[in-house]
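**Student:** I am attaching a structure below and will ask some questions about it afterwards.
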Amino acid sequence: MTRWGMAIDTDRCTGCGACAVACHAENNIQTVGEVEAAKGRAMHWMRVERYYEGVFPDIKVRFQPVMCQQCGHAPCEPVCPVYATYRTPEGLNAMVYARCIGTRYCANNCPYTTRYFNWFAPEFDAPLERQLNPSVSVRPAGVMEKCTFCVQRIQESQELADQEERTVRDGEIQTACSQSCPAKAITFGDMDDPASTVALIARTERATHLLEDLSTEPSVIYLRGGR
Amino acid sequence: MSGPAASVHEEALLKPLSSFRPKLFVGSLLTGLLVVLLFYAWGYQIANDIGVAGITRPVFWGFYIVNFVFWIGISHAGTLISAILRVTQAEWRRPVTRCAEAITTFALMIGGLFPLIHLGRPWIFWYMVPIPTERGIWPNFRSPLMWDVLAITTYLIGSVMYLLLPMIPDFAIIRDRMMRENPKSLKSLFFRVAALGWRGTPQQWFSLEAGIKTMAVVIIPVAVSVHTIVSWDFAMAIQPMWHSTIFGPYFVVGAIYSGVAVLMLAMYLLRKGLGIQEYLSDKVFNNLGLMFLAFAMLWSYFTFAEHLTVWYGNEHAERMVFDERISGRFSGFFWTMIVVNTIIPFLILPFKWGRKPLGTAIVGFGVLIGMWIERYLIVVGTLSFPRLTYTEGFYSPTWVEVGILVGSVGLFGFLYFTFIQLAPIVSLWEVREGEHIKNRKEPAHQAALHPASEEA
Amino acid sequence: MERKDFLKATSVGAGLTILQGCGSPEEEFIVQRVRQTPELPGQSGWRLGVCRQCGAGCGIVVRVVDGDAKKIEGNPAHPVNRGGVCALGHSVLQELYNPDRLLQAQRRTGEQFEALAWEDAIAQVVSAIGAVPANRIAIVASDRSSLTGGLWRRLAAAMGAPAPAFVEAPELEVERRAAQLAFGSTELPFFDIARADCVLSIGAPILDPGRSLVHYTRAFADMRRARPTRRGRFIQAEARMSLTAASADVWLPIRPGTEGVFARAVAGHILASGAVAPDAARRYRVLFPGSPPTTADAASQCDVPEERIVAVANELAGAENPVVVGGGSAAAHTNGLANVAAAFGLNVLLGNLGRAGGVFAPASVGLNRTVEPNNPSDTPIAELAARLRGESGEPVELLIVADADPVHALPAGWGIREAVANIPTVIVFGSFRDDTALEADLILPLATELERFEAYESPTSVGVAAFGVAEPIVEPVGDGRHPADILLAVARALPDPVASRFPWTDYEALVRARVGEDLARLPGSDGATATAYLSAAMDRGGIFGDAAPTAAPSGPTGAAPEPTGALFDGDAGFGFALLPFASVKSGEGRGANRPWLQEHPDPLSTVMWGSWVEIAPSDAAELGIVDGDRVRLESSVGAVETHAVIDPAVRPGVLSMPLGGGYVDNGRYAAGRGANVMALVGATRVDGTTASAWAATRVRLTRLGEGSMVRFGRRYDGGEPELIPVGWAPQEPQQLVQIREARV
Ligand SMILES: Nc1nc2c(c(=O)[nH]1)N[C@H]1C(S)=C(S)[C@@H](COP(=O)(O)OP(=O)(O)OC[C@H]3O[C@@H](n4cnc5c(=O)[nH]c(N)nc54)[C@H](O)[C@@H]3O)O[C@H]1N2
Ligand SMILES: Nc1nc2c(c(=O)[nH]1)N[C@H]1C(S)=C(S)[C@@H](COP(=O)(O)OP(=O)(O)OC[C@H]3O[C@@H](n4cnc5c(=O)[nH]c(N)nc54)[C@H](O)[C@@H]3O)O[C@H]1N2
Ligand code: SF4
Ligand code: SF4
Ligand code: SF4
Ligand code: SF4
Ligand code: SF4
């Protein structure tokens, strides 16, 4: 069985934000503009959180890339009244945009605040729409969205593997964020394949989960920094 | 004509039905304007997408959900109170029950409106309705929102029946008057239909009594379940200061508390407006005032218990929300709530002079505001401070949300004014029954029967 | 055991995909995938390209569907970025499809611009050149070290016009001069950060945009986590909490302008401790004959605790593979040359020249040099400014600006904006109405790197010689062309002797010719024909030198100035030191007209859609400024208005503000948004160079009133610093180290 997972080495991450822009480009995420962004409606499925520790001059910055943690016990799932968000057999927390009726309950119950809502229909000033990724649907107004682990890339690789009558190989699937990351801080793969890089990393001492105490069983592993 | 005609007091109740009352007209007109505002704002939101509301990330729920909880809470005024009083056979209930039950029905209708407004795309609300489709798509009954749908629908149907059943004999009384005055008029036609051919035969009386009794018993657990489930919308989530085991009873108590508050206010206005102090007597206010006080104590106790445990537990995420509530960004709301919901009631309600119409009305007004703030604190206060502090956010409502809130109050008033013109706001036959039980002239029923029997 | 599994798994997997890390498997992949150009509608293909959004010239792979470019990825085979792409690199798609991009040549008619055909446009340039004496022509271009740069030199020389001036972003002249002194190399050497175990950076913003963000970020990450034995350490001595400082293990918020003193004191302590080879010490004394300041003295000058200075010195001396880099704001003070020389000099002292994790000689394919010597007698920008102002040399009657925005990017103190307004004829090669284009009489649109044949050599400072070459990836959206193509068209239309010096019909022809001539010298060219060699190169993404650098730089060539007290522009009454910086939001301004980057939160301030100034809580409190307030910054040369960001990691007395704001137009997303920090920067120059001392301006700060700012993250509200929701542990488990090792 496959269980997709991700490991993020916070000690490699320099907060450059390439992952966030890569995610926008790959997943047709709308930019909402200055006015809406000021209301807190900017959509960054991948956001690089910045935290301070200590006091000047001995102050340190911690960067923490946060996207949907694809929880094993996702609090967002049971509360959705229409099954618009649900767990796939491969461990993804999926969104069915056409099903979402916009109650926004899932977003309230996401302890990581990784869900973003289309308050208005997306607008792409022509000809910017020529860049849109045909493998990803553009979400209408009133619909919830969030990181999908680049499911379209997973499907593409799986189709390729099927054609070649083999299974998907470790490292074959790259999410947009992990592929761009200049620091190679992000690793994606199958947690159930004991030999996969991500599974190896997940077994090391630096591996930890975000808000572990909530037992949401995230599929995203964070490697603690060493500073 | 034999038998007693409608008493002078009853005339006060029956006038609004037959003759034109300027006061009522103006009232309907003003509230009517607010209703227009409500639907204009809602229409504007539908036309321009939900984004025209102020809700944002991380405060995904705002005024609409607050109002939803608020109105559903108010709906606990009538049915529950009147049902409890009926079951406990409290004699003084007789003049109160109907205006209370009316509140329930209308508040519930308005409360039920808000989830639709909140969705932004109301036309797909039906995805939540369990209709077998070829797509095999079925609602998710694990979601508290689905529980809401079921509970509130049940409650609405139940309380409408509970309101209508006792109205049948009164409709008959009015029908008979109308037939005498001008049989051709539209109104008399309406009441002929509404009376459902009530003749007051013992058989009819028996079924009616049985029906009312059963409904009274059934409606109580339903009402309790409704606000318990509404509370679970929050308690089932793992957000700080939502995930609380006492939310069920806490919300039910709060609901009844706000319900009594509206009732107090409504009774005061009715008494002043219609001059029906014979029915809504000081005694009634005094007794309800005592009930009011009891719920003030219960609510204050729950509030204290809830906040003490959070503070004592001192869990990081919960403390973030707690501190903002007690001493931070939301402290203004919080302390206002404490003043109007606990301090003022305790200064007025314990005393006989305080449990007069005006006193209870003032307290009622304050408690209404306080209970709205309570829901605002719970919804917005928690959502503003997510665990990952980086994503903290602010919420401020837009004119659309404010307009819809104000409009919903208007809608309530409008429905109520209309109701007053369609049915006596005090149950005639129940009061008569009461009087006869008091001075045991003859079996209660025949007394109430008199008008009906004139035709026979 | 697990490691073996892992290696197996990846080496197989790598064959078919872009896997993180680098090596031949990916190159195979590139060849396979890129050949399958999409034929069927809806089918997607991958085309190789070169990113030109900054000077680094990373290799990219572009997903193309139905003829449209959809996504930029890094080319794993390219030695500079090895599969990575930065935020700015991604956003080239929004330059390509930008709604406000100029798709046709434009001619000014009064206040308006009207479109005209290429032929007419070229003819106009030719006649404009013919109409003025050659010595009254001024040329401003970018990419000084590229083939295009060479062409400009050749054109200027052929016309008898003054040598072109080059706008560099960031300007690296000071670093180059320091490298000349400390290492004896005219170009920047390679600092082998990835293999170092202790890095001291004196102001060098290596993880900030501008230089080679992707390259340095990867090197940094590998330095941190790729070595089997221990985790590398990074120390940043810089007045500002830059993106680089944010990732450092130790940040020393040093007093601006004293960076060199700090470096000298560190050297002094190392020398005194006798922990260095006598030869190294001798060579160091060639660079700095004088006696270094004491750590105590330095501590008071630099406002860094003495024990910190000593600790840094000991850590460097004790490290196996220490390396010291320098630059950024340290180089942009009046004593910048001395500061950077002092930083570079530490490498000499530590004896790491030519050692793994040390300093290596510049690596280059050398194709650029063959067009025209990369001659040092380019007109310094500062001198050009003087010419434009009519203060030196012949007055300028014709100004040609190619792919640069000097009016926006250069210090206001140089008066370029006013000067350009008075130049009779201004011709701009550019695709947007940026501040320079607004002054233009003729605008010639450029093609993006995705629409044109591209060839660009990455800087010498990335260790591996990398000359990216790529065919056009998508059909041109408009009428744009490569600046070199425009140049060639013009040059060949000019009367002899100019035309005859430009035998190449276009840029591609030039590149092919060069490759043909130098074939023998080029890496891995044995036996191949030029055509075959080049097409093989294009299937890889370029011509790449040997992976591991070997040559050591020669070492100090002479004495460097001592980093004595820095001078500032506008000392009197201007209390704050101003540090302009490039945010990943917009780089030096390129990103300003792209929604992705405008809405991208700055990593530290988390501001979106606009400019801001970073203020220390104590200074803000003093001036009664709260976060988000509108504030006014005044210098001796200008004033700007922006919003205040109260940041607990700002050194009191220092204000920093991002570049790339305050465009007059430049497209709907940039127009009138934010403020241009360069409008504050004075005319001060770095002693002994022609470079601008852009960090040597002092400003006054006043509160204007309440304001609101577009923020993504929670703002700092004076409370105790936020706790991070996951734990942190210093020790490094063996097993993971091995994984990392295997991946590099
Ligand atoms: N431009 C363009 N047009 C096309 C196509 C295209 O590729 N491009 N494809 C064509 C093809 S192949 C098809 S199949 C059609 C599909 O076109 P549609 O049948 O319209 O399919 P959708 O738009 O995906 O879904 C229609 C609506 O169903 C709602 N919906 C989601 N779940 C449910 C549910 O449980 N019950 C009900 N009643 N409604 C639900 C969604 O909100 C959506 O608004 O489009 C055709 N039209
Ligand atoms: N996200 C999302 N996924 C969906 C759906 C959805 O609504 N949303 N709808 C589902 C449904 S109902 C359907 S039918 C499928 C449709 O999914 P697809 O079969 O993928 O249909 P399209 O993507 O519309 O068309 C596929 C490609 O065919 C190309 N094409 C157009 N004309 C021709 C031609 O003449 N020859 C060839 N060889 N190619 C051509 C188009 O350029 C397009 O890129 O998608 C399903 N998947
Ligand atoms: S791209 Fe990589 S290094 Fe940059 S912010 Fe994202 S995770 Fe961190
Ligand atoms: S992170 Fe949030 S959205 Fe993602 S699965 Fe977990 S709860 Fe759901
Ligand atoms: S917003 Fe959409 S996905 Fe989220 S709970 Fe509501 S219906 Fe489900
Ligand atoms: S996995 Fe894909 S969707 Fe998720 S953050 Fe990364 S790029 Fe975005
Ligand atoms: S570093 Fe420069 S060249 Fe490399 S991807 Fe980023 S912008 Fe492009």
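**Student:** Considering only residues of the stretch A:22-48 that are of a type in the set (A, V, I, L, M, F, W, C) and free of Cβ contacts under 8 Å to residues at least 12 places away in the same chain, which is farthest from the other protein chains (Cβ to nearest Cβ)?
**Tutor:** A:35
Quick grid of which residues meet (1) in contact with a Cys (Cβ under 7 Å, 6 or more places away or on another chain); (2) surrounded by fewer than 21 Cβ atoms within 10 Å (Cβ to Cβ); (3) over 20 Å from residue B:72 (Cα atoms); (4) of a type outside the set (A, V, I, L, M, F, W, C):
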{"position": "B:206", "(1), (2), (3), (4)": "no, yes, yes, no"}
{"position": "B:227", "(1), (2), (3), (4)": "no, no, no, yes"}
{"position": "B:239", "(1), (2), (3), (4)": "no, no, yes, yes"}
{"position": "B:248", "(1), (2), (3), (4)": "no, yes, no, yes"}
{"position": "B:252", "(1), (2), (3), (4)": "no, no, no, no"}
{"position": "B:269", "(1), (2), (3), (4)": "no, yes, yes, no"}
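**Student:** Continuing with the same structure: Could you pull out the residue among C:719, C:707, C:713 that is part of a loop (DSSP other than H, G, I, E, B), more than 7 Å from every other protein chain (Cβ to nearest Cβ) and modelled with pLDDT of 90 or more?
**Tutor:** After ruling out the rest, the residue left standing is C:707.
**Student:** Out of all the residues in the stretch A:80-117, which are aromatic (Phe, Trp, Tyr) and at the interface with chain B (Cβ under 9 Å from one of its Cβ atoms)? Write out each step before concluding.
**Tutor:** Filtering the stretch A:80-117 for residues aromatic (Phe, Trp, Tyr) gives A:83, A:86, A:97, A:105, A:112, A:116-117.
If the condition is that a residue be aromatic (Phe, Trp, Tyr) and at the interface with chain B (Cβ under 9 Å from one of its Cβ atoms), then A:83, A:86, A:105, A:112, A:116, A:117 are the ones that fit.
**Student:** Turning to a different aspect of this structure: Take the residues in the stretch B:1-45 that are under 27 Å from the mean Cα position of the chain (by Cα) and among the β-branched types (Val, Ile, Thr); name whichever of them is modelled with the lowest pLDDT.
**Tutor:** Only one residue fits best here, namely B:26.
**Student:** Out of the residues in the stretch A:12-43 that are β-branched (Val, Ile, Thr) and not in a helix (DSSP H, G or I), which is nearest to ligand 6 (Cβ to nearest atom)?
**Tutor:** A:29
**Student:** Continuing with this model, one more query. Please state which of the following conditions residue A:56 fails to meet, knowing it meets all the rest: (1) among the hydrophobic types (A, V, I, L, M, F, W, C); (2) within 9 Å of ligand 3 (Cβ to nearest atom); (3) within 7 Å of chain C (Cβ to nearest Cβ).
**Tutor:** All conditions pass for residue A:56, except number (2).
**Student:** Of the conditions (1) within 16 Å of ligand 6 (Cβ to nearest atom); (2) within 19 Å of residue B:65 (Cα to Cα), residue A:103 clears all except one; give me its number.
**Tutor:** (1)
**Student:** Return a yes/no flag: does the stretch A:160-173 have any residue that is within 30 Å of residue B:125 (Cα to Cα) and either within 16 Å of ligand 6 (Cβ to nearest atom) or surrounded by fewer than 19 Cβ atoms within 10 Å (Cβ to Cβ) (or both).
**Tutor:** No, the stretch A:160-173 has no match at all.
**Student:** Pairs under 6 Å by beta carbon, first residue in contact (Cβ under 8 Å) with a residue 60 or more places away in the chain in the stretch A:95-114, partner in a loop (DSSP other than H, G, I, E, B) and within 16 Å of ligand 2 (Cβ to nearest atom), six or more apart or different chains?
**Tutor:** If the second residue must be in a loop (DSSP other than H, G, I, E, B) and within 16 Å of ligand 2 (Cβ to nearest atom), the pairs left are A:114/A:146.
**Student:** How about the stretch C:65-78: which of its residues are over 14 Å from residue A:26 (Cβ atoms) and either surrounded by fewer than 24 Cβ atoms within 10 Å (Cβ to Cβ) or more than 13 Å from ligand 7 (Cβ to nearest atom) (or both)? Reasoning before the result, please.
**Tutor:** Within the stretch C:65-78, the first condition is being over 14 Å from residue A:26 (Cβ atoms), and the residues that meet it are C:66-68, C:75-78.
C:66, C:67, C:68, C:76, C:77 - these are the residues of the stretch C:65-78 that are over 14 Å from residue A:26 (Cβ atoms) and either surrounded by fewer than 24 Cβ atoms within 10 Å (Cβ to Cβ) or more than 13 Å from ligand 7 (Cβ to nearest atom) (or both).
**Student:** I'd like to check which helices (runs of 4 or more DSSP H) are fully inside the stretch B:171-276 and have at least 2 residues that are touching a Ser or Thr at 6+ places or on another chain (Cβ under 7 Å). First the steps, then the outcome.
**Tutor:** Numbers: elements: B:186-194, B:202-235, B:247-270.
Qualifying helices (runs of 4 or more DSSP H): B:202-235, B:247-270.
**Student:** Regarding the stretch A:49-71, can at least one residue be identified that is part of a strand (DSSP E or B), within 16 Å of ligand 1 (Cβ to nearest atom), in contact (Cβ under 8 Å) with a residue 12 or more places away in the chain and surrounded by 22 or more Cβ atoms within 10 Å (Cβ to Cβ)?
**Tutor:** no
**Student:** So, one more: If the requirement is being farther than 22 Å from residue C:89 by Cβ, of a type in the set (D, E, K, R) and surrounded by 24 or more Cβ atoms within 10 Å (Cβ to Cβ), which of these qualifies: C:588, C:614? Explain how you work it out, then say what you get.
**Tutor:** Values: C:588 fails: farther than 22 Å from residue C:89 by Cβ.
Matching residue, one of C:588, C:614: C:614.
**Student:** Something else about it: Please list, ordered by residue number, the strands (runs of 3 or more DSSP E) wholly in the stretch C:62-140 having 2 or more residues that are away from ligand 4 (no atom under 16 Å from the Cβ) and among the basic types (Lys, Arg).
**Tutor:** C:68-74, C:105-109
**Student:** Within the stretch A:1-11, restricting attention to residues that are outside any strand (DSSP E or B) and closer than 21 Å to residue A:170 by Cα, which residue is nearest to the other protein chains (Cβ to nearest Cβ)?
**Tutor:** From the stretch A:1-11, those outside any strand (DSSP E or B) are A:1-3, A:10-11; that's our starting set.
The next check asks that each one be closer than 21 Å to residue A:170 by Cα; those that pass are A:1-3.
On the way: A:1: 17, A:2: 14, A:3: 16 Å.
That would be A:2.
**Student:** Turning to a different aspect of this structure: Could we say that residue C:697 is in contact (Cβ under 8 Å) with a residue 40 or more places away in the chain, in contact with an Asp or Glu (Cβ under 8 Å, 6 or more places away or on another chain), hydroxyl-bearing (Ser, Thr, Tyr) and surrounded by fewer than 24 Cβ atoms within 10 Å (Cβ to Cβ) here?
**Tutor:** Spelling it out, it is not the case that residue C:697 is in contact (Cβ under 8 Å) with a residue 40 or more places away in the chain, in contact with an Asp or Glu (Cβ under 8 Å, 6 or more places away or on another chain), hydroxyl-bearing (Ser, Thr, Tyr) and surrounded by fewer than 24 Cβ atoms within 10 Å (Cβ to Cβ).
**Student:** Is it true that residue A:135 is part of a helix (DSSP H, G or I), more than 16 Å from ligand 5 (Cβ to nearest atom) and of a type outside the set (Asp, Glu)?
**Tutor:** no
**Student:** Name, by its number, the condition in (1) farther than 26 Å from residue C:616 by Cβ; (2) without any contact (Cβ under 8 Å) to a residue 40 or more places away in the chain; (3) crowded, with 19+ Cβ neighbours inside 10 Å that does not hold for residue C:299.
**Tutor:** Of (1) farther than 26 Å from residue C:616 by Cβ; (2) without any contact (Cβ under 8 Å) to a residue 40 or more places away in the chain; (3) crowded, with 19+ Cβ neighbours inside 10 Å, only one is false for residue C:299: (1).
**Student:** Taking the residues in the stretch A:49-97 that are within 16 Å of ligand 2 (Cβ to nearest atom) and of a type in the set (Gly, Ala, Ser) as candidates, determine which candidate is farthest from residue A:175 (Cα to Cα).
**Tutor:** A:84
The values are calculated or read from the model by the stated rules, or taken from the named source; none is laboratory data. Here the structure is a predicted model, which means the values were calculated and not measured. Please note: Cβ atoms are built from the backbone with ideal geometry, for glycine as well, and neighbour counts cover all protein chains shown.
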